[in-house]
Amino acid sequence: MKLVFVNIMHDLYKLDSTATISQPPVPLAVLNGVTPKAIETALVDEQTDQVRFDGDVFAFTVATQFAGKVYRHADDLRAAGKKVILGGIHVTVCPEEATRHADAIVTGEAETLWPTVCEDLLAGKLKERYTGSPTPSSRMAPIDYRFFGDRPYQTPAALFATRGCNHGCSFCVSSRYMGPFRTKPLDVLEQEIDQLQGLYPKAILLFTDDNLLGDRSHSAELLALLRRKKRRFVTMVTLEQLCDDALMEEMACSGCLGVAVGVESVDDDNCVSVGKRQNVGRCFSDAVRQVNEKGIQVGPLLMVGLPHDSPERLVRTQRYLKEVPCCLYDLRILRIYPGSPLYGRMLSQGEVADTWWLGNEPVATNHFLPGHLRVHLKHSHFSPMQLQHATLTLTRELNRMDRKATARILRVGGRGGALKFAAAVLTARRRTMKQAEMLLGRVERAMAASNGACF
C-alpha cells in the first residue's frame with residue numbers, strides 16, 4: 001500500500017510575498033515519522049512538485065484558503081477508487097464539511113493518533129472520523145528531514161520549537177483549536193538542528209513557531225543551544241518581545257538575523273478590536289531602531305481592513321511607517337477564518353461571506369489577486385476594490401527601493417555579520433514592490449471598468 005502525503009496550495013498563492021520563502025511542510029514529516037513501515041510513503045508538495053497522484057491513499061493537510069481546491073482533488077480521487085484522508089486546521093474547525101469529501105477525517109493534532117489510523121487502513125476498517133489530542137512534550141520526536149528529498153525550498157531548514165500560542169487574538173484559530181502552548185524538548189531540537197546542519201550546512205534556520213519566545217525559561221535554554229551550535233536563524237516575535245531590549249540583545253548574541261513582528265496595526269483601537277491588547281501602548285519605531293543597532297532586520301506583519309481603518313488613517317499609517325527603518329513590509333487584507341471569534345461575530349452581523357473558501361468570489365478582482373489580497377468582508381469605510389487598492393498602494397510605497405533604504409538594510413546586515421542575508425532581504429523587498437505595482441495597475445483598470453462599483 002502506498003500512502004501519499006499531499007500539500008496543496010492555490011496557484012495564485014505563488015504570487016504572494018511570502019512565496020519568496022518557500023519552506024517544507026514539516027507537519028507532514030511528523031506524520032511520516034509515525035507511519036508504520038508496512039506502508040510505503042511519498043510526498044506531493046505543490047510548492048515544488050508538479051501534482052501527479054500516484055498511490056493508493058492520499059492524506060491532505062487542509063488550510064482554509066485552499067480548502068476548495070483540496071476538495072476538488074479529493075472528489076476526483078475518490079471517484080477513481082482511491083482512499084482520501086483529510087486533516088489540518090480547516091478540517092478541525094469544519095469537520096462536517098470535510099467529511100463530505102473524504103473517506104476519513106482527522107481533527108486536532110494527529111501525531112499520537114496516526115499509527116491507529118494507519119492500522120485501521122491496513123485492516124480495511126478505516127473510520128469516518130478520528131479525534132486527535134495535543135501531543136505532550138514527552139512524545140515529541142525528532143523530525144527526519146530526508147523525507148523532503150532534494151526539493152528546492154528557499155528556506156529548507158524550517159523547524160518549530162513550540163506548539164500552540166498563549167495569546168488569544170480574535171482573528172486567530174490555532175490558539176483555540178490546536179491545543180495549549182507546549183515546548184519541544186531541547187534534546188529533540190538539538191538532534192533536528194544537527195541533522196539540518198548536515199543536510200543544509202549553509203542554510204539559515206527558520207523557526208515557524210507562532211510564539212517561539214512564549215516560555216522564557218525554555219527560550220533561554222533554546223538560545224543557549226543556538227549559541228553553542230553557532231547557528232544563525234530568523235523567527236517571529238511579538239511586539240511586546242521586540243520592545244524587550246534585554247531579550248533582543250540575547251537574540252542577537254544567539255545568532256538572530258531577522259524577526260517578523262505581528263504589529264497588525266499602528267492604531268491601538270484597532271489592536272483592541274481584534275483582541276491584540278499586548279500591542280497597545282508599545283513604541284514600535286523606537287524598538288525597531290534599537291533592534292537594528294543589534295544587527296537584526298525587522299519585518300512588520302500588518303493587516304488592512306481592521307474595524308477602525310479609514311482612508312485618512314491609512315494615509316497617516318503610511319506617513320508614520322515610512323519613517324520606521326524596517327527591511328520589508330508584509331501587508332495583508334484581514335482574513336476572517338472560520339472558527340475564530342471574529343468570524344462568528346461578523347457572520348452574525350452579515351459582514352463576512354459564508355463559506356468564502358469554497359470559491360464563491362463576488363468581488364471581480366478576487367479572481368486574479370493572490371490570497372492575501374482577496375476580500376470576503378464588508379467594511380464601513382471601503383468597498384472591496386478600494387480595500388485592495390489601499391493595501392497594494394501601502395505595499396508599494398513602504399517597500400520602495402531607494403538609496404536610503406538600501407544603505408540602511410546593508411548597514412544592519414553588516415552589524416550582524418550577515419550581508420548575504422541583507423542582500424536576500426533587498427531582493428525580496430524589490431520583488432514585493434514590483435508585484436504590488438503590477439497588481440495595482442490591474443486593480444485600477446478593474447475599478448475603471450466597473451465605474452467605481454464595489455463588485
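The values are calculated or read from the model by the stated rules, or taken from the named source; none is laboratory data. The structure presented is a predicted model; accordingly, all values stated were derived computationally and were not measured. Neighbour counts are summed over all protein chains in view; Cβ atoms, including those assigned to glycine, are modelled from backbone coordinates with ideal geometry.
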Hits in the range 60-83 - residues which are assigned to a loop (DSSP other than H, G, I, E, B), farther than 28 Å from Met178 by Cα and not charged (D, E, K, R): Ala80, Gly81
Does any residue of the range 310-321 turn out to be in a loop (DSSP other than H, G, I, E, B), at negative phi and in contact with a helix residue (DSSP H, G or I) (Cβ under 8 Å, 6 or more places away or on another chain)? no
Helices (runs of 4 or more DSSP H) (entirely within the range 337-455) containing at least 1 residues that are among the β-branched types (Val, Ile, Thr) and in the same structural domain as Arg313 (by TED's automatic domain parsing): 384-398, 403-415, 419-449
Please count how many residues of the range 418-455 are of a type outside the set (A, V, I, L, M) and over 27 Å from the mean Cα position of the chain (by Cα). 7
Filtered residue count, the range 124-146, keeping only those that are of a type outside the set (A, V, I, L, M, F, W, C) and surrounded by 15 or more Cβ atoms within 10 Å (Cβ to Cβ): 6
Just name the residue that is surrounded by the fewest Cβ atoms within 10 Å (Cβ to Cβ) out of those in the range 239-292 that are within 16 Å of Val324 (Cβ to Cβ) and among the small types (Gly, Ala, Ser). Ser285
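Residues checked against (1) charged (D, E, K, R); (2) touching a Lys or Arg at 6+ places or on another chain (Cβ under 9 Å); (3) not assigned by TED's automatic domain parsing to the domain that holds Leu213:
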residue	(1), (2), (3)
Pro115	no, no, yes
Leu122	no, no, yes
Lys125	yes, no, yes
Pro152	no, no, yes
His167	no, yes, no
Pro185	no, no, no
Matching residues, the range 166-181, being crowded, with 20+ Cβ neighbours inside 10 Å and under 25 Å from Leu247 (Cα atoms): Cys169
Looking at Val291 and the list (1) within 30 Å of Phe421 (Cα to Cα); (2) out of contact with any helix residue (DSSP H, G or I) (no Cβ under 8 Å at 6 or more places or on another chain); (3) β-branched (Val, Ile, Thr), which single condition is not satisfied? (2)
Just one of Gly299, Gly305 is in contact (Cβ under 8 Å) with a residue 40 or more places away in the chain, touching a His at 6+ places or on another chain (Cβ under 6 Å) and not polar (S, T, N, Q); which is it? Gly305
Would you please name the residue that is nearest to Arg431 (Cα to Cα), looking only at residues in the range 308-346 that are of a type in the set (Phe, Trp, Tyr) and crowded, with 18+ Cβ neighbours inside 10 Å? Tyr329
For residues that are without any contact (Cβ under 8 Å) to a residue 60 or more places away in the chain and surrounded by fewer than 20 Cβ atoms within 10 Å (Cβ to Cβ), tally how many sit in the range 363-379. 2
